[in-house]
1. Which angle between 0 and 90 degrees, to the nearest 10, do you get for helix 2-26 versus the longest principal axis of the chain when only C-alpha atoms count?
2. Could you state the per residue volume, in Å³, of the convex hull enclosing the Cα atoms of the chain?
3. In deg cm²/dmol, rounded to 500, what helix-only [θ] at 222 nm does the chain give when every DSSP H run of at least 4 residues adds -39500 (n - 2.57) and the total is split over its residues?
4. If one takes the longest principal axis of the Cα atoms in the chain, at what angle in degrees, from 0 to 90 and to the nearest 10, does the Cα axis of helix 32-58 lie?
5. Run the accessible area of the chain with a 1.4 Å probe and give the carbon-and-sulfur part as a rounded percent.
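The values are calculated or read from the model by the stated rules, or taken from the named source; none is laboratory data. What you see is a predicted model, and the numbers here were worked out from it, not measured in a lab. We work out accessible area using only protein heavy atoms, side chains counted, and drop any ligands, DNA or RNA first. Shrake-Rupley method; radii C 1.70, N 1.55, O 1.52, S 1.80 Å.
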Amino acid sequence: MFRLAAMLYSIIATSLAGAGVIAVLTMGHVSLIPILGAAAVGAVVALPVAFLVAKRILR
């Protein structure tokens, strides 16, 4: 399950981080700190999401 979650993480993390960056830019925050913060939050949130998706796939 770990290998599947690791493969899924690369897709899920980029999607969530990209969505977060787009949301921050849409709100008008164009400085470096909010953009990096949104990308970091997306990458961290993607960890449990990847494991949940992998668990659902293997079920």
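1. Here the helix axis deviates by roughly 20 degrees.
2. Values: hull volume 3.5 nm³, N = 59.
Normalising the Cα hull of the chain by residue number yields 60 Å³.
3. Numbers: 2 runs with 52 residues, N = 59.
So the helix-based figure for the chain works out to -31500 deg cm²/dmol.
4. Orientation of helix 32-58: about 20 degrees from the principal axis.
5. Numbers: 3240 of 4170 Å².
Carbon and sulfur: 78 percent of the exposed surface of the chain.
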